[in-house]
Amino acid sequence: MLLQVRQLTKSFDDKTILRGVDLDLAEGQLKVIMGPSGCGKSTLLRCLNRLIEPSSGQVIFRGKDVLQPGTDVRALRQQIGFVFQQFALYRHLSALHNVTLALRKLRGMSVREAHAKAMHELGRMNMAEHADQYPAQLSGGQKQRVAIARALAMDPAVLFFDEPTSALDPLMSREVVSVIKQLQLDNVTMLCVTHDPFLAKSIADRVMFLDEGVVRAEGTVAEIFGAHADPRIRDFFAHEHSAA
Amino acid sequence: MSFLQMFSLLASGAGYTVLVTVACIATAVVSGLLVALLGRLRIKPLNRVLAVYTYIFRGIPVLVLLFIVFFGLPGIGLSVPPLVSMMLSLGLIAGAYLAEVFRGALDAVDESEIMAAEAMGMSRSQILFAIEVPQMLRFSVPGMLNEFTTVLKYSPFAYTVGIPDIMKQALALASTTLRGLEIYLAIGLLYFAIYQLMLALMKAVERRFSVPGFKRL
Amino acid sequence: MTGWLSFFQDVFEYWPQILGGLGNTLLLFAIVTVTGLIGGILVFYQALSPNRHVRRITEGYISFFIGTPLIVLLFLMYYGLPQTGIHLSPLAVAVIGFTMNVAAYNARYLMSAYNGIDASELEAARAQGFSTLQVFRLVTLPQTLRLAMPGLTNQVILNLKDSSIVFLIQYTEFFAQMQELAARNFQYFKVYLLTGLVYLLLVSLVVLAARWLERRVLPAACRT
């Protein structure tokens, strides 16, 4: 197992967001976490690379509990690519330099090396011809593809997606979906948080349903999307479908 | 006195004016950045000290501070050269104003980009110098231009501490030629020309570092 | 400590002159704050002129006075003009010089505030049949004054601080009297430090008044 999460909890001052979450992610697997907004799925993702400090539990990444004191948090984060809902591209840097920044600063690559690596990753995302453009000049789908290239450039052990299609219109969503599918063929390990059923159905190996800070169900796409025994899950999909 | 002699005197004065202005701008930028970045550390007692510092330096007239530094400090055994006196008065006062400009610009940096950099595993200082400072400086251009203009406009105070700038040359010329009207008119235009030059320079720098579509959110 | 005691004795002896100087400082400050605002509004009105040439000239005026040191203008009038037979008192020179300079700055604050107001409101006022001057007086000006308030109050603080330069044209304001005191007792450091503290105190009072005014004048919706 690449990643094992055990009994993870998180509470802010007076609110409990996560109430003992268990999660396993194998190498090469793509797992989707779904659930209504406010269920804690984005918090869960941020707890795993400690952008948010969990309250208790274990996060075992490559055999080591990364919640132990003394863990090199920055080294941990460098092994986890993170793709945000709002892209979070550095607006003052071109697409190319968005990708090279971490290679230069964190991997210590030379300009030439970083450039070559970045162009390779942008090429994988079909964004090579836009390398010199700035974020403001790109469409939402293009921005998200640059963001994915930026995450991939660090050769991460796993890629986290936080609602990667929520800020995109359906057409651009498809762009991102096809990119994720391609990464799946390349055996990239991925963990994706979304409430977009289209995205989940298109890509997931397994789906985890999170509700009110606990895992309600886990299974294949067919199991979760089919007429599920749990009424809350049925309600969720009925609602999402009518909304879509 | 020939026109050529007058011209060369004013030209050498202009050199000193530019020197004073550049030295004070440099002091202002460095001290302003320092205050803004130290404020970013969010250490309560430190922030209180910085607030008092900026309040004092924004509240005291340039000429009064210049006199404290140049004429006052020797009285307690600290003799400060004229150019340094200008830097410690005009420079630090402009720096206190710039600190506010920089602070506002730092606040305008998009939180989500900072979080993305954290998620990549970048350190606090790497994020500061690769993301926050480059964006902040671009946001600060209008504020900096205002402050640099102010520095140029207060630079004539340098003559009161004996720096042979445009103003000092003009005073000397006016008293020897008794043509004050023409001379002060001429240096007014000279200052305006330097101002226009500075404006053009800043615009060029801004263009050089401009990023398409990049603006305050 | 005895040094400070004798220092304050000196200050006390020279008190009437210092007070007179303070009065002159506040007089100049009060006059130019009012004339600078009126001047700024007039320049601003010219800047909105339908005549392209008037607008061009107004922009030139604003740019020139923002780009040249006030002190040069004061010297020009005080030391230059007499050769043409025009003799102005230091106060007159200071008032004219400050007014021209401050008006340029205030006009610029009003201009950028004007760019922030809703054009459709002006259109609506014109559509109702108000004259140009009425639209300016009843709609444009009240709104721009409100929006420009932070810049305008900042300028008032600058007026107070900048008034300290007029001793250079022989106007015996506060700073001039303090220099006179320093020349008598040779306590330059203490005298100038005290001078700085007094300006700081005066500026603080203006800041408090400005904040109060901003709270009074700015409606909640306009506040940022």
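The values are calculated or read from the model by the stated rules, or taken from the named source; none is laboratory data. None of these values were measured; they are calculated from a predicted model. Heads up, the Cβs are rebuilt from the backbone with ideal geometry, glycines too, and the neighbour counts pull from every protein chain shown. Side chains are part of the model used for accessible areas, which takes the heavy atoms of the whole protein and leaves out ligands, DNA and RNA. Shrake-Rupley method; radii C 1.70, N 1.55, O 1.52, S 1.80 Å.
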Q. Rg(Cα) of chain A divided by 2.2 N^0.38 Å?
A. 1.01
Q. Amide H neighbours of A:Ile33 under 5 Å, counting only residues 5+ apart in sequence or on other chains, H built in-plane at 1.01 Å?
A. A:Cys192, A:Val193, A:Thr194, A:Met208
Q) Summed for both chains, how many Å² of accessible area, to the nearest 100, are buried between C and B with a 1.4 Å probe? A) 3300 Å²
Q: Post the alpha-carbon centroid distance, region B:119-174 to region A:9-80, in whole angstrom.
A: 46 Å
Q) Stretch C:Ala119-C:Ser63 to full length: gain in nm at 0.36 nm per residue minus the Cα-Cα span? A) 17.6 nm
Q. List for region C:73-95: residues with 40 Å² or greater reduction in accessible area, all protein chains versus chain alone, probe 1.4 Å?
A. C:Phe75, C:Leu76, C:Gln83
Q.
Under the rule of at least 5 residues apart or a separate chain, name every residue whose amide H is placed under 5 Å from the amide H of A:Leu2.
A. A:Leu25, A:Ala26, A:Glu27
**Q.** Sequence ranges C:107-114, B:120-127, ranked by mean other-Cβ count within 10 angstrom, highest first
**A.** C:107-114, B:120-127
Q) Relative contact order (percent) for region B:65-161, with alpha-carbon contacts under 8 angstrom and 6 or more residues of separation? A) 34 percent
(Q) For peptide B:156-165, what's the mean number of Cβ atoms from other chains within 10 Å of each residue's Cβ? (A) 2
Q | Per residue, in Å², the accessible surface of chain A once ligands and nucleic acids are set aside, probe 1.4 Å | A | 43 Å²
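Using a probe of 1.4 angstrom, how much of the accessible area of region B:70-182 is carbon and sulfur, in percent?
Exposed carbon and sulfur together represent 66 percent of the surface.
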Q. What is the set of long-range amide H partners of B:Ser210 at a cut-off below 5 Å, with H atoms built 1.01 Å from backbone N?
A. none
Q. In terms of the Cα gyration tensor, with a ≥ b ≥ c the square roots of its eigenvalues, is chain B rounded because a/c is under 1.5, prolate because a/b exceeds b/c, or oblate?
A. oblate
Q: Take every residue in peptide B:194-203, count the Cβ atoms of other chains within 10 Å of its Cβ, and give the average of those counts.
A: 1
(Q) Using only the alpha-carbon atoms, how far is helix A:170-185 inclined from the longest principal axis of chain A? Give it as 0 to 90 degrees, nearest 10. (A) 90 degrees
Q.
Filter chain C for me: DSSP H helices, axial length by Cα at least 24 angstrom, mean Kyte-Doolittle hydropathy not below 1.0. List them by residue number.
A. C:15-47, C:188-217
Q: Once you have the Cα-Cα distance between C:Arg55 and C:Arg215, take 0.36 nm times their residue separation minus that, and quote the gain in nm to one decimal.
A: 54.3 nm
Q | Positive-end extreme of charge dipole, region C:45-186 - chosen from C:Leu81, C:Val139, C:Phe167 (charges on Cβ) | A | C:Val139
(Q) Which aspartates and glutamates, if any, have their Cα less than 16 Å from the Cα of A:Lys15, not counting same-chain residues under 8 positions apart? (A) A:Glu53, A:Asp211, A:Glu212
Q) Once the dipole of region B:3-208 is set up with Lys and Arg at +1 and Asp and Glu at -1 on Cβ about the Cα centre, which of B:Met198, B:Ile127, B:Gly162 lies farthest towards its positive end? A) B:Gly162
Q | Contact order normalised by residue count of chain A, Cα under 8 Å, 6+ apart, percent | A | 27 percent
Q: Can you spot the lysines whose alpha carbon is less than 27 Å from A:Lys10's alpha carbon? Ignore those fewer than 8 places along the same chain.
A: A:Lys31, A:Lys41, A:Lys64
Q: Run down the aspartates and glutamates and flag those whose C-alpha is under 12 Å from the C-alpha of C:Lys190, throwing out any fewer than 8 positions away in its chain.
A: C:Asp10
Q. Calculated from DSSP H runs of 4 or more alone, at -39500 (n - 2.57) each and per residue, what is the 222 nm mean residue ellipticity of chain B, nearest 500?
A. -23500 deg cm²/dmol
Q) When Cβ neighbours within 10 Å are restricted to other protein chains, what is their mean count per residue of peptide A:90-98? A) 5
Q. What are the principal axis extents of the Cα atoms in the protein assembly as shown, in Å, biggest first?
A. 100, 71, 52
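Considering only the other residues whose Cβ falls under 15 Å of the Cβ of B:Val205, what net charge follows from Lys and Arg at +1 and Asp and Glu at -1?
Around B:Val205, the charge tally is +2.
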Q. Around C:Lys190, with a cut-off of 15 angstrom between Cβ atoms, what is the net charge of the other residues, counting Lys and Arg +1 and Asp and Glu -1?
A. -2
Q: Give me the orientation-averaged projected area of the Cα convex hull of region B:87-209, in nm², one decimal.
A: 9.4 nm²
Q: Holding the Cα-Cα limit at 29 Å, pick out from A:Lys181/B:Lys215; B:Lys44/B:Lys203; A:Lys143/A:Lys181 the pairs that are longer than that.
A: A:Lys181/B:Lys215; B:Lys44/B:Lys203
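Where Lys and Arg each count +1 and Asp and Glu each count -1, what net charge lies around B:Leu63 among other residues with Cβ under 13 Å from its Cβ?
In short, 0.
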**Q.** Cα-based shape type of region A:17-75, given that a ≥ b ≥ c are square roots of the gyration tensor eigenvalues and the cut on a/c is 1.5
**A.** oblate
